[in-house]
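What follows is calculated from the coordinates using simple rules that are stated; it is not laboratory data. Given the structure is predicted, the values throughout are model-derived calculations rather than measurements.
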């Protein structure tokens with residue numbers, strides 16, 4: 001069984017209030033090396049067989065039409081999941 005990972009992020013010109021809240025909280029918690037945070041979305045799609053180029057192409061189309069809002073978000077990556085990335 002294969003898994004495809006899709007990362008979606010707000011477009012650079014779109015305000016990210018969650019990212020602003022996180023970057024404001026980091027120094028209060030002792031994390032003072034970070035100057036900016038952008039928060040996005042991650043999707044994991046499982047397939048019955050192997051992850052092929054056709055599977056990746058179909059996953060990209062799904063990401064661009066259903067999983068993201070193309071007005072305010074960019075699909076930044078569509079890739080086969082690394083086995084070490086297995087989610088719980």
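Listed values, structure above:
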read-out: The chain - mean residue ellipticity at 222 nm from DSSP helices (-39,500 (n - 2.57) per run, n ≥ 4, rounded to 500); value: -7500 deg cm²/dmol
read-out: The chain: relative contact order in percent, alpha carbon pairs under 8 Å with at least 6 residues between; value: 49
read-out: Between 0 and 90°, nearest 10: helix 17-28 axis offset from the chain longest Cα axis; value: 50
read-out: Descending semi-axes in whole angstrom, ellipsoid equivalent of the chain, from the Cα gyration tensor; value: 29, 17, 8
